[in-house]
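No value in this document is a laboratory result; all are computed from the given coordinates. None of the values given here were measured: they were computed from a predicted structure. Methodologically, a virtual Cβ is constructed for each residue, glycine included, from the backbone with ideal geometry; neighbour enumeration extends over all protein chains shown.
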Amino acid sequence: MLVISMLLSGNTSINETINFFPSKYIETILSVIYEIDSILGRFIRGQLIEAAFVSVTSIVCLAFVRN
C-alpha cells in the first residue's frame, strides 16, 4: 500500500522523504531511491513479460484443445 501511495504522489513523496532526513545523507538517500526505482521498474517489466507469455501460451493451448 505504501508503494502505491508513493507512485500516485510522484515527486512529492520523494521530496518529503529527502526533507525527512538530515542534509548530510541526501546523496545516500538519492542513490537508494534511484536503486529502488530501477529494481521496481525491472520487476514490473518482468511481471508484464511473464503475464504476456502466459497469456499467449494459454491462448495457443486452448486453441489446440478446441480443435
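Worth pointing out:
- Cα-based Rg / Dmax (Å) for the chain: 19.5, 67
- Within the chain, helices built from complete DSSP H runs that reach 30 Å or longer along their own axis (Cα positions) and carry a mean Kyte-Doolittle hydropathy of 0.0 or higher are 26-66.
- Inter-label distance for Thr28 and Asn15, nm, one decimal - labels placed 7 Å from Cα along Cα-to-Cβ: 2.5
- Each helix, a run of at least 4 DSSP H residues, gives -39500 (n - 2.57); summed and divided by the residues of the chain, these come to -30000 deg cm²/dmol at 222 nm.
- For the chain, the residue among Ile59, Leu48, Thr12 whose Cα projects farthest onto the positive side of the dipole built from Cβ charges is Ile59.
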